[in-house]
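So the structure is just underneath, and the comments pick up after that.
Where a number appears in this text, it was derived from the coordinates with a stated rule and is not lab data. The structure presented is a predicted model; accordingly, all values stated were derived computationally and were not measured. Glycine gets a Cβ as well: all are built from the backbone with ideal geometry, and neighbour counts include every protein chain shown.
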Amino acid sequence: MPTRTKLRAGVKSILKLAAPIGAANLAIVCSGTIDTIMAGQTSAEDLAGVALGIAVATWISISLAGILQGVSPISGFAFGAKRFREVGDSLHQCLYLAVGLAVPGLVLTLQTKMWMAVAETSGLVAEIASQYLLFAGLALPAILCGRTFIAVNAAVSRPAASMFVTLGIVVLKIPVNWFCMNKLGFGGAGTGLSTCMLSWLALGAYVLIWRIDPYYRAMRSRRWCRPSMKSICIQLKIGVPIGLSIFFEMTSYTLMAIFIARFGAVSLASHQIVANLVWLYYVVPFAVGVAGTVLVSQSLGAGSPESARYAAFLVMIMALFLAVAVSIINFIFRSEIASLYSSDEAVQKMAVSFITVASAYHIADAVQCSGSCVLRGYRITLIPMLVHSCLLCGVGLSLGSWFAGLFPADPFSLGALGFWIGAAVGLAFAALVIGPFTLASANRQAGRRVLNLHLN
């Protein structure tokens, strides 16, 4: 195939997967954006309380959902090898795992007194955050099971199913938020109740689609599978490092929010605005990266490691190019973006400085994110986990604390902004490690006569 034709076909394959994956994840992130905006328009205290609640709840749910991502390369490999029944079996085992993970996750989410003590938050902000966490805990089982369906849908080249469900949920988000916040009188915490209700509705939709869509007919098991410790352990072997990677990344976000809460409601509200923006922008490289996971795992299942290598290289290049474009737009319109999130002038002013740093942050994030996703297709998950633990939590958070002025005789004392600068530096180091390692791993696998999917 001529180079130009091959390039066009490769880009088309990535975009065909990435577009609905991105739309689905954008809808999920938009739910948090809607919560942030609606709480911010109520009061600074509501925004701060919801910000703290979202930080803790997201840290727990996304970390646990990361473990479930182990099903994606397994299902993608089986789909590429045309062993369709194994896809349904993997889904069943992952649902068992999701329910099991929801139990400790629920217990941890409901430790509201502990979270408020760690954040040194009291009064109205603590009350709103505690109510939000209660509702978020009740939503957790539905969120984890829903994430399982999202992962499998993407792995079998059917991400549009997840996209339609999540877009439908985001359409309902504003009216349901308004009802819970105003008619039920929960204020900012009502956004958490809305999330709980809509998460269970989404899960019902995923189950219905799996049962009635003819596309999944060959994948559906004739009967419900019993738990298989062997299958669950295989998923855990791949998924636990993914979950830990996300855990360390989310830990840096959560601890940032907790430490920034000590600087006051304005700093915390500004941080939440930028944290939400970062997650919003993250959807782009993540969607391209997940497309890479799918294409790599399917190519390996079909016995074509050369195609997997080509997909890996193309995914990395596309993610970097799109990240640069997004960062430029973010920097140019930083003032307008801040005013959209909050009507408070103090919050807007501080958020603008945070958004400036976020522009550089996003470029590094795109490289490490897309690289980590591609490595999942090769079932290499340990190295990214070690990088995230050392560089994001270790280097990034330590530098952030130093820049913020939390250490005695600190020469910087940049306040909350210091945490974002430290995080950007740590993420840049992570990108410099994961990016080259991903390309080297793809080259190494393509040069093997026999596939080795246990590189880590």
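Ranked for footprinting exposure by Cβ neighbours inside 10 Å, fewest first, D89, D46 give D89, D46. Computed from Cα atoms, the angle from the helix 123-155 axis to the main principal axis of the chain rounds to 10 degrees.
Assuming a ≥ b ≥ c are the square roots of the Cα gyration tensor eigenvalues, decide whether segment 67-146 counts as rounded (a/c under 1.5), prolate (otherwise, with a/b larger than b/c) or oblate. Spell out each step's value before the answer.
On the way: a/c = 4.16, a/b = 3.64, b/c = 1.14.
It is prolate, given that a/c is not under 1.5 and a/b is the larger ratio.
Annotation: peptides 210-223, 193-206, 238-251, 111-124, ranked by per-residue average of other Cβ atoms within 10 Å with the highest first, follow the order 238-251, 193-206, 111-124, 210-223. Straight-line cross-link partners of K6 among the lysines, defined as a Cα under 20 Å from its Cα and at least 8 positions apart when in the same chain: K16. Straight-line cross-link reach from K173 at under 19 Å between alpha-carbon atoms covers these aspartates and glutamates, not counting any fewer than eight positions away in the same chain: D35, D46. How far is helix 3-40 tilted off the main Cα axis of the chain, in degrees rounded to 10, range 0 to 90? Relative to the chain, helix 3-40 is tipped by roughly 30 degrees.
Our coupling estimate for segment 281-292, obtained by passing each phi through the Karplus curve with A = 6.51, B = -1.76, C = 1.60 and θ = phi - 60°, is 5, 4, 4, 5, x, 5, 4, 5, x, 5, 4, x Hz, Gly and Pro reported as x. Among L432, L52, L101, the order by Cβ neighbours within 10 angstrom, fewest to most, reads L432, L101, L52.
For the Cα atoms of the chain, what angle does the longest principal axis make with the long axis of helix 159-178, in degrees from 0 to 90, nearest 10? It works out to around 20 degrees.
When the Cα convex hull of segment 19-227 is projected onto planes of every orientation, the mean area is 11.5 nm². Only helices enter this figure: runs of n ≥ 4 DSSP H residues, each worth -39500 (n - 2.57), summed and divided by the residues of the chain, yield -28000 deg cm²/dmol at 222 nm to the nearest 500. Compactness ratio for the chain: Cα radius of gyration over 2.2 N^0.38 Å (N = residue count) comes to 0.95.
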